[in-house]
Amino acid sequence: MSSPEQENIMNNSHSQNQTIQSPLDVSHSYSVNTISSLRDYIISEDLLAGQRLEGRMSSVRRFFCLFVTFDFLFTCLMWIICVMLNGEYIITALQEQVVHYNIHTSLFDIVLIASCRFIMLIFFYALLYMNHWFIISLSTASTCGFLITKVFFYDWPHSSQPVFEVLLVLASFILAWGEAWFLDFKVIPQETHANRYLITDTERTPLIRSYVQGLPSMYTESIGNFYSPQGSPEGSMFRFDQSANVSTYLPVKFTKEQEDNYKRTASKVFHEAWDLFKSKDWKLQKQNENDSFFSRSESKGKKIFKVQAEISVSPRYLLEELFYQVHELPKWNPAIKESQRIQSLNEHTDITYQVSKEAAKGLVSSRDFVNLRHWAEIENGYMISVSKTDHPSIPVNKKIVRGENGVGCFVIEETSQTDISMFHWIMNTNLKIWIPSTILEKEVAHMMFTYIKDLRNHLYSKRSDSWVIYFFLKNMGLNYIKRFQEILEVVKINW
């Protein structure tokens, strides 16, 4: 069998080959959302940087605030260096600069101007989230006017460190103009561009957007995004039971860089999971008939758990069930409330979302998880790696705790019997709650053994249903053959 490195190279090349569009591929028919030039214009780095998610500050405005903070700290640092280079005791030098301030000999006024500029810009553009150039123009003009005045009034001939003092004045001048340029040419245009196309829907939003408002093309075009609504029961005022309605998270149109970053992370996690599986540090903690429970201590006292069990299905069938049928997980696993595949990056990599029910007799409340998964062939079987990730469609919900899955995996190995697999599950989860290690290990062991039991029951049920259908069709076919033979005999006799 090939190594994980070779398999990942083969999988990546296979996925690249799949992206070549056939001229007969109807799913990629030309429409407004699939015109490359328009799509690239709308979904761009500038658009994503100017977008406000869940009312939070946009990335480009956050960078502007960091730049303003850097301006203030850099000016303070330069001023302290100029003071220290005079060779005087620090307290004496600060008293001369601050307490006995004189515009002809002190540079402390430049620090005061920088602090006023910092307070003004942070207050209006970070706290009040102002979207106008008036404040930045006022601060820049005031700074430039003062610095020019300072140059004429300062006693340069008697200065002990004229080079550093000149650099301090020039740095303040350049940084003030840099802030004005960045706000006027980056922050305001990008946020305006994002607000134009990524308009938040409200109850007053038209059902059909006009072209001027922008095209809702941030979602990938796929047949799965178009569906017929569920029919209403006859004589009922309600469409269906609202309790059975599960939230749907639509996929997002990633940039090429974002998609490559997800794939690189998935490949890295896959190799880390393989090393973790091959580690010799696993200690047997408990056995339950044919199932075994192991644990392993990491740095900082963290524990990782593993369960090993025989499953009476072929490795490929089990891979299909665990990876591609993730949406059916709540049907047979009572510990899971919701499970969805959010976005498929390629045939071997996807992003999923799961919500767990309360565990440990109510000690652990419900958690939700956003996972990045990747599978490939390994020595004598398959492996599915799992790790935490983020997705724009699933921000953190304040009503539920966001759990985090570290590097973990499902390993499915072949055995001497083709219809039996050796199944390994490595769980590395941070539940964001402190639980005594003895209680945690006991509850995790019970949960993992229960998972194996539920998985076996689910697979047995599917196999039983398949056999029932098979025998039904077979018997029905035999009955039709016998009936046809009887008809032939009757026709033959009559003839």
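All of the numbers you see were taken from the coordinates with simple rules; none came from a lab. Keep in mind that what you see is a predicted model, and the values were worked out from it rather than measured. Cβ: placed from backbone, ideal geometry, glycine included. Neighbour counts: every protein chain shown.
Data for the structure
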{"item": "Vicinal HN-Hα couplings computed from phi for the range 56-71 (Karplus, 6.51 cos²θ - 1.76 cosθ + 1.60; Hz; Gly/Pro x)", "result": "7, 5, 5, 5, 5, 6, 4, 5, 4, 5, 5, 5, 5, 5, 4, 4"}
{"item": "Sorted by Cβ neighbour density within 10 Å, fewest at the top, the residues ARG463, ARG56", "result": "ARG56, ARG463"}
{"item": "Prolate/oblate/rounded label for the range 303-450 (Cα gyration tensor, a/c 1.5)", "result": "oblate"}
{"item": "Whichever lysines have a C-alpha closer than 17 Å to that of LYS283, once near sequence neighbours (fewer than 8 apart) are set aside", "result": "LYS302, LYS303, LYS306, LYS442"}
{"item": "Square roots of 5 times each gyration tensor eigenvalue, C-alpha, the range 249-365, largest first, Å", "result": "27, 21, 17"}
{"item": "Fraction in percent of alpha-carbon pairs per bin - 10 Å, the range 59-197", "result": "11, 40, 27, 15, 5, 1"}
{"item": "Loop-located GluC sites (Glu not before Pro) in the range 268-313 whose Cβ has at most 14 other Cβ within 10 Å (DSSP)", "result": "GLU289, GLU298"}
